[in-house]
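Following: one structure in structure tokens, then a few remarks.
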Amino acid sequence: MSQTQTITQTQAPNVPQTLVLKNPVQAEEDYRYSHLLPHFSEDRYPPLEPFEHVDPGQRALTHPNPRAFLENATSVVELTPRLGTEVRGINLAELTADARDELALEVARRGLIVFRDQHDFIDRGPDFYKQWGSYFGRLHIHPTSGHPAGYPEVHLVYRDANSTFNFEIAESTTSTFWHSDVSYELQPPGLTTFFLLAQPTTGGDTLFTSQVSTLQKLSPPFVTFLRTLSAVHSGVEQANFSRAGKRGGVVRREPVEHVHPVVRRHPVTGEEALYVNRQFTRRIVGLKKQESENILNFLYDHIDKSGDNQARLKWEPGTVALWDNRITAHSAIVDYGDSKERRHGARITPQAERPIPALEGLKLD
């Protein structure tokens, strides 16, 4: 298990050693985004190096009005009291540096912000996506997912009548599978941007939950205990899924496991959030197997059933969603398979800091 302390030297993104592309999805002349269809290269990447992350939202705390970027919006609607805001009338692609800082702070405070009518943003293409995401952190290159040819920093989610490259459990009775993206990394993502290039007529929504609220629903003595715990997050199962010939069948970086606090603290807002998820959390450090499984299963069940902590995003053309992976979890809803329609999404995933324990001094080594 890799156990690496964060260092302060900024590292450049890893550069692939070779470039051999596989394209299991054929380009279609009449599909507007055929240049963004998933390719699965055989590139190999070295392990990720630690880096110092500076959260843009921190700068917004000193702005005279940290929500100034919303002043020209035609509509700002809270999806739920504690999670999610829907915004219309703002062109994300034209935000200034100060406005991007304010956006980062607002996403940290609300967990999820949904921007409608962002066709300009989406149509600017992958070079712009990289420039946009790099403002918020070092871009993560997924070890197993498909990406547009030549743009490994753009993670794709894809399903059509003939193909699917999502991490799915075929034997499950439900497609709802809560997770925080690639939480197995030493420095998992912070502010993430996601949008659909194609979507089914109905279905294919995304669920989000506030891990701040799920934590606050628990009793104070139990939360005090949870703060003393750390857990292993693992990418091994995801890699093995690909090695079995699924998801595209490639593993470009060897899988890692890292230990993170069960309760983390946001570096900008100071809020505490539960930080476990079914997809990548494997065991609680220092507890016996049955003890660990009982606690984790209780927490997973709590996350699954807490509808009062959740928001449901119904996609429409031109929608761009931004969420903070440090304080939220999400799940796709794969309920559109019978329609044979295409769902094609792109994610830009900047990494953030190594999770900060809510309990000062908690050891993660």
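Just so it is clear, none of the values below were taken in a lab; they were calculated from the coordinates. None of the values given here were measured: they were computed from a predicted structure. Cβ: placed from backbone, ideal geometry, glycine included. Neighbour counts: every protein chain shown.
Could you work out how much longer the chain between GLU94 and GLU237 gets when fully extended? Use 0.36 nm per residue separation minus the Cα distance between them, nm to one decimal. Could the numbers behind the result be given before it?
Numbers: separation 143, 0.36 × 143 = 51.48 nm, distance 3.98 nm.
That works out to 47.5 nm of additional length.
For the range 262-316 versus the range 121-160, the spacing of their alpha-carbon centroids is 27 Å. Taking a Cβ cut-off of under 14 Å around HIS35, the surrounding Lys, Arg, Asp and Glu residues balance to a net charge of -3, with basic ones at +1 and acidic ones at -1.
If exposed GluC sites (Glu not before Pro) are those in a DSSP loop with at most 10 other Cβ within 10 Å, what is the longest stretch of the chain that has none? Kindly include the intermediate steps, with their values, before the conclusion.
Numbers: sites that count: GLU29, GLU71, GLU171, GLU360.
The longest uninterrupted stretch comes out as 172-359.
Multiplying the residue separation of ALA73 and GLU42 by 0.36 nm and subtracting their alpha-carbon distance yields 6.8 nm.
For the pair ILE356 and ARG312 in one chain, pulling the backbone fully straight at 0.36 nm per residue adds 13.0 nm over the alpha carbon distance. Based on the reciprocal of the average 1/r between different C-alpha atoms, the Kirkwood radius for the range 276-365 equals 16.8 Å.
Within the chain, all pairs of alpha-carbon atoms sorted by distance into 20 Å bins from zero give the percentages 30, 62, 8.
Qualifying trypsin sites (Lys or Arg not before Pro) in the range 228-308, where qualification requires a DSSP coil assignment and no more than 14 other C-beta atoms within 10 Å, comprise LYS288. Residues in the range 228-243 carry Karplus couplings, in order, of 7, 9, 10, 9, 8, 10, 10, x, 5, 5, 4, 5, 5, 4, 5, 4 Hz; the curve used is 6.51 cos²θ - 1.76 cosθ + 1.60 with θ = phi - 60°, and Gly or Pro positions show x.
Kirkwood analysis of the Cα pair distances in the range 52-198 returns a hydrodynamic radius of 17.2 Å. When the alpha carbon coordinates of the range 29-89 are projected onto the principal axes, the ranges are 48, 42, 22 Å, largest first. Label sites at GLN290 and GLN216, each approximated as a point 7 angstrom past Cα along Cα to Cβ, lie 3.6 nm apart.
Annotation for TYR31 and LYS305: the two label points, set 7 Å from Cα along the Cα-Cβ direction, are 4.1 nm apart.
Label positions at ASP205 and ASP160, each projected 7 Å from the Cα along the C-beta direction, are separated by 2.7 nm.
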